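The values are calculated or read from the model by the stated rules, or taken from the named source; none is laboratory data. Computed from a prediction, not measured in an experiment: that's the story for all the values here. When we count neighbours, we look across all protein chains shown, and the Cβ atoms used for this are built from the backbone with ideal geometry, even at glycine.
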Amino acid sequence: MGTCAIAWNDAGLTRFLLPDPDRQPAGDTQSDPPPWVQSVIERVVEHLSGTPQDFADVRYDFTRLPDFERAVLQATLAVKPGHTITYGEIATAIGQPVSASRAVGAALGSNPWPLLIPCHRVVAASGKMTGFSAPGGVGTKSRLLALEGAQLL
């Protein structure tokens, strides 16, 4: 798929980016990540090579996120490789009505950790592939789901 980007601080991961052919390399990069970040990088490589990984155990720095977004992303971590869930089911899982599904979609659209927090596993109630804000859009979403062996409609 290409080169991903990852950022962290002492609290946890602050950002993860899927490959983007238009992204320019950051000027301030660190070549030797701490062991816990290196472990995440190795697991991402395994995942994108066809051995699905679950990143629910990764340390994420949620401190900059509003409570609703944090709840959506934490609920999304429960969706395991090869499975999908709807936006409405995520809303229900965090104690919101199904009508909050658009707000769930908006929260997932600003997910700072796509792939790791698997927003690609969230689909419309019809099963249709909808919105994916990472590079490649719905095509990338479908590719990631296929890589994990998810049933695609």
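Scanning the range 65-101 for residues that are under 24 Å from Leu13 (Cα atoms), acidic (Asp, Glu) and either out of contact with any helix residue (DSSP H, G or I) (no Cβ under 6 Å at 6 or more places or on another chain) or free of Cβ contacts under 8 Å to residues at least 12 places away in the same chain (or both) yields a single hit, Asp67. From the set of residues in the range 106-125 that are more than 17 Å from Ala78 (Cα to Cα) and in a helix (DSSP H, G or I), which is nearest to the chain's Cα centre (by Cα)? Of everything passing the filter in the range 106-125, Gly109 is nearest to the chain's Cα centre (by Cα). Screening Ala103, Ala146 for residues that are assigned to a helix (DSSP H, G or I) and either farther than 27 Å from Asp57 by Cβ or more than 16 Å from the chain's Cα centre (by Cα) (or both) leaves exactly one candidate, Ala103. The residue that is surrounded by the fewest Cβ atoms within 10 Å (Cβ to Cβ), counting only those in the range 105-129 that are within 17 Å of Ala146 (Cβ to Cβ) and either at pLDDT 90 or above or in contact with a Phe, Trp or Tyr (Cβ under 7 Å, 6 or more places away or on another chain) (or both), is Leu115.
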